[in-house]
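Reading through the structure tokens given below for one structure.
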Amino acid sequence: MATTYIVDKDNNQIDAFTATVPSDRHFRGAWVLDGTVISEDIDSAKAIFQDKVRESRKPLLEEKDVELMKALESGASTTDIATAKDALRDAPAASAISSASTIAELKAAWDTSVLGDSPY
């Protein structure tokens, strides 16, 4: 039977059978190997998290653009739409992300009021 290897973010590898791995794979790209234990590098995990925020906000911004155009055409107020768009633009730079020191804190930094349901 072929050996399956786990490769961390720095291209270190270990036999998957002998490794102790994190309970989920959300931050697989942030895994680091220390002996036989794999953990998540919090700075790399933050970058992955911010990319997920950007991916999730893209369709939301597009929806707000449509709302904005409709409001402009009808002469309605655009204040709430502009505020929502600003919140979406600012989401990757949220202080809860930069201040997170654990993966649990990072997952909790997902702002459901701006981005909707958490993927975590």
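Here is the figure for segment 31-61: residues that are without any contact (Cβ under 8 Å) to a residue 60 or more places away in the chain and not in a helix (DSSP H, G or I) total 10. From the list Lys58, Lys107, Lys70, the lone residue that is in contact with a His (Cβ under 8 Å, 6 or more places away or on another chain), modelled with pLDDT of 95 or more and of a type in the set (Lys, Arg) is Lys107.
Residue count for segment 62-109 satisfying the condition of being touching a residue at least 12 places away in the same chain (Cβ under 8 Å), outside any helix (DSSP H, G or I) and surrounded by 12 or more Cβ atoms within 10 Å (Cβ to Cβ): 3.
Within segment 110-120, restricting attention to residues that are assigned to a helix (DSSP H, G or I) and not aliphatic (A, V, I, L, M), which residue is most open to solvent (accessible area, probe 1.4 Å)? The selected residue is Ser113.
So that you can scan it fast, the table gives a plain yes or no per residue for (1) within 11 Å of Val53 (Cα to Cα); (2) among the small types (Gly, Ala, Ser):
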{"site": "Thr79", "(1), (2)": "no, no"}
{"site": "Ala82", "(1), (2)": "no, yes"}
{"site": "Ala93", "(1), (2)": "yes, yes"}
{"site": "Ala96", "(1), (2)": "no, yes"}
{"site": "Leu106", "(1), (2)": "no, no"}
{"site": "Gly116", "(1), (2)": "yes, yes"}
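Cβ separations smaller than 8 Å between residues 6+ apart or across chains give the following pairs from segment 10-30 residues that are open to solvent by 40 Å² or more (accessible area, probe 1.4 Å) to residues that are of a type in the set (D, E, K, R): His26/Lys107; Gly29/Lys9.
The values are calculated or read from the model by the stated rules, or taken from the named source; none is laboratory data. Everything numeric here is computed off the predicted structure, so don't read it as measured data. Cβ sites come from the backbone with ideal geometry, for glycine too, and all protein chains shown count toward neighbours. Keep in mind that these areas ignore ligands, DNA and RNA; they rest on the heavy atoms of the full protein, side chains included. Shrake-Rupley method; radii C 1.70, N 1.55, O 1.52, S 1.80 Å.
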